[in-house]
Amino acid sequence: MLIAQIKPNPNNPRKISKVEFDKLVKSIEKDPELLSAKPILIDENNIILGGHQRYRACIQLGIQEVPVIVLNNLTERQKKKLLIIDNTHNGQFDMDALANGDWQLEDLSDWSVNIDFLNPTTEEPKNIDNTKSGKICPNCGVSL
C-alpha cells in the first residue's frame with residue numbers, strides 16, 4: 001500500500017526514544033524486505049492499529065510502499081487492544097496518554113499493562129531502608 005494512504009492513529013499510546021527509533025530506522029534501511037515479516041496493521045479506514053514507529057521510520061527513509069494487513073470489522077475495543085498489545089517489546093507507553101485518554105483500567109490490566117501508577121491510593125509511601133549505602137540524599141532520603 002502507498003504510505004501516503006495510511007493515517008496515524010491519534011489515540012496511539014506508545015512512544016519510542018530517539019535512540020530506539022534511530023535503531024529501527026537503521027534496521028529497516030539495512031533490510032527493508034523484512035518489513036513484510038511484520039506488516040503495518042490498519043483498520044478499514046487505513047488508520048494504524050499497529051506499526052506506528054515502522055510507519056514513521058519508513059517515511060523518514062522515503063519508502064513509498066509498505067506491506068499492510070487490513071483488519072476489517074473490529075470493534076472499537078478490539079482496535080484499542082491492538083494499540084496496546086501489538087508492540088510491547090519496544091518503546092514505552094505514554095503514561096499521560098493512558099492516564100488522560102479514553103482507556104479503561106480493567107482493559108489495560110487484562111492486556112498486561114502495569115497500571116499501578118493509574119490506580120489512586122490513600123496509602124502512605126513505604127519507608128525505604130537507606131542504611132546500607134552510607135550516603136543518603138538530604139532532600140529526599142534516597143540512598144545514593
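The values are calculated or read from the model by the stated rules, or taken from the named source; none is laboratory data. No experiment lies behind these values; they were computed from the predicted model shown. Using ideal geometry, Cβ is built from the backbone for each residue, glycine included, and neighbour counts are taken over all protein chains shown.
Residue check: is Val66 free of Cβ contacts under 8 Å to residues at least 24 places away in the same chain and among the hydrophobic types (A, V, I, L, M, F, W, C)?
Details: free of Cβ contacts under 8 Å to residues at least 24 places away in the same chain: no; among the hydrophobic types (A, V, I, L, M, F, W, C): yes.
In short, no.
Does Val25 satisfy the criteria of being under 18 Å from the mean Cα position of the chain (by Cα) and over 22 Å from Ala97 (Cα atoms)? It would help to see each step written out before you state the result.
Values: under 18 Å from the mean Cα position of the chain (by Cα): yes; over 22 Å from Ala97 (Cα atoms): yes.
So Val25 fits the description; yes.
So is Ser133 assigned to a helix (DSSP H, G or I), modelled with pLDDT under 75, surrounded by fewer than 15 Cβ atoms within 10 Å (Cβ to Cβ) and out of contact with any helix residue (DSSP H, G or I) (no Cβ under 8 Å at 6 or more places or on another chain) or not?
Working: assigned to a helix (DSSP H, G or I): no; modelled with pLDDT under 75: yes; surrounded by fewer than 15 Cβ atoms within 10 Å (Cβ to Cβ): yes; out of contact with any helix residue (DSSP H, G or I) (no Cβ under 8 Å at 6 or more places or on another chain): yes.
So Ser133 does not fit the description; no.
Can you name every residue in segment 60-82 that is crowded, with 16+ Cβ neighbours inside 10 Å, β-branched (Val, Ile, Thr) and touching a strand residue (DSSP E or B) at 6+ places or on another chain (Cβ under 9 Å)? Before you say what the answer is, go through the steps one by one.
Residues of segment 60-82 that are crowded, with 16+ Cβ neighbours inside 10 Å, as a first pass: 63, 66, 68, 79-82.
Checking the rest, the ones that are also β-branched (Val, Ile, Thr) come to 63, 66, 68.
Within segment 60-82, Val66, Val68 meet the criteria.
Return the only residue of Leu61, Leu41, Leu49 being of a type in the set (A, V, I, L, M, F, W, C) and more than 20 Å from Ser17 (Cα to Cα). Reasoning before the result, please.
On the way: Leu61 fails: more than 20 Å from Ser17 (Cα to Cα); Leu49 fails: more than 20 Å from Ser17 (Cα to Cα).
Criteria check complete, one pass: Leu41.
Please specify each residue of segment 26-59 satisfying the condition of being among the hydrophobic types (A, V, I, L, M, F, W, C) and buried (at least 17 other Cβ atoms within 10 Å of the Cβ). Quick ask: steps written out before the conclusion?
So the first thing to find is which residues in segment 26-59 are among the hydrophobic types (A, V, I, L, M, F, W, C), and the list is 28, 34-35, 37, 40-42, 47-49, 57-59.
Ile28, Leu35, Ile40, Leu41, Ile42, Ile48, Leu49, Ala57, Cys58, listed by residue number.
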